[in-house]
């Protein structure tokens, strides 16, 4: 019954958006309330659930979206995106530009959260399309497929890193093994699939990107352009390295149980256990805490914006007022995107509070199949129901842990199989779905044909590769 209600909710949402042409944000709110009523929730509980979903979603991504839009606008208006485009095109050649974008997506997406890397790189896609006269979606899919694979399969991203500890997997092995399915997933889900979308005409929002022609002497240098574009990548990589070397700090509740007050105390505890003296403990603990702080996606993007304002704005003769005005316009341009993502958060929270997860967990106990395939299927159902790939991964792992241990299945492959399932079936309750739709100016139908198909292709290729790997590992 809960899965039937989810299906009815998706149908309602499709009708409201496609047939009645209702704004996606309003349609998501109506659908969230309808799903809650069908699940026998009290109207006040539905409202509380929706508000919680909106608040939780906005708390996680609103600054990332805002700073990402500002950074992208500065990269575009200063000509930095053009500089990077010209150098990459000259180095790889236009005929290999998709492979260059795929590699860029992997390198940038490995340490950065998906939303942050999407917003940083999207101006490059638009600039490539303008300067090379190549189809925008054809250029976008190789890059975005690499971002998705990194987000769902590979440490140091939160979900695969966290479930590595749940499955008791070796994080370094997960990263190493994850590179194997990543290659065919990106080649098939990105480069091969993109050939079917060359005829889709995409017009990015004018507030976010306007075609401009620069003289070569107007463009900033390649070094400063790359620096501003990868500043958030470098900063977030610091935190990833700290996590890989010293381990992920436990949640605050777990720290309290250990008698540790904060993250600095956690690192002090580690260094003390390794025999370091008092002064060394203070210095190293402070340094690691500082690196973790600046590696947070919100702080990393904020620092990148400040760097870009000075390096690509004030240093190039622009006034602060001019830079701030264009930055404000970029934030205004994503206001509806923010609301739509908030609506998706409300929908996702109502689905959670209507006990869909508990229902899926209960029916999974009676299913007998290959643990890798079972983890994939359960994660894909959670992804369909709640939208978030991270939630799908974190929810599936505790269910599958006793089964994986009982059967002796490789914990590293369990992490990858769960990640493959979590990338499936992206639709209305996934923020990535709406970001892709709004930034590329697509219809709902076109978004399903491109984004959803790409995500599902990545997941299917991923699990097939993992099943093949299980024969040898």
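Coordinate-derived values only; no laboratory data. Since the model is a prediction, treat every value here as computed from it, not as a measurement. Here the Cβ is made from the backbone with ideal geometry for all residues, glycine too, and neighbour counts use every protein chain on show.
A few remarks follow.
- The translational diffusion coefficient of the stretch 297-336, from Stokes-Einstein at 4 °C and 1.567 mPa s with a Kirkwood hydrodynamic radius over alpha carbon pairs, comes to 120 µm²/s.
- Seen from a random direction on average, the alpha-carbon convex hull of the stretch 377-473 projects onto 6.1 square nanometres.
- Per residue, the convex hull spanned by the alpha carbons of the stretch 97-147 comes to 55 Å³.
- Note on 274, 383, 318, 87: ascending count of other Cβ atoms within 10 Å places them as 274, 87, 318, 383, the fewest first.
- Multiplying the residue separation of residue 473 and residue 291 by 0.36 nm and removing their Cα-Cα distance gives an extension gain of 62.0 nm.
- Peptide packing for 428-441, 368-381, 220-233 was compared via the average number of neighbouring C-beta atoms within 10 Å per residue; ordered from the highest value, the list is 428-441, 368-381, 220-233.
- Gain upon complete extension [residue 19, residue 3; 0.36 nm per residue less C-alpha separation]: 3.4 nm
- Alpha-carbon Rg/Rh ratio, for the stretch 94-195, with Rh computed the Kirkwood way: 1.03
- Pairwise Cα separations in the stretch 32-183 fall into 5 Å bins from 0 onward with the following percentages, short to long: 2, 9, 14, 15, 14, 12, 12, 10, 7, 3, 2, 1, 0.
- Against the rule of thumb 2.2 N^0.38 Å, how large the Cα Rg of the chain comes out: 0.98
- For residue 405 and residue 176, the FRET efficiency from 1/(1 + (r/R0)^6), where r spans their Cβ atoms and R0 equals 30 Å, is about 0.85.
- Exposure proxy ranking for 168, 215, based on other Cβ atoms within 10 angstrom of each Cβ and starting from the fewest, stands as 215, 168.
- Maximal additional length on extending the residue 44-residue 329 stretch stands at 98.9 nm, based on 0.36 nm per residue less the C-alpha distance.
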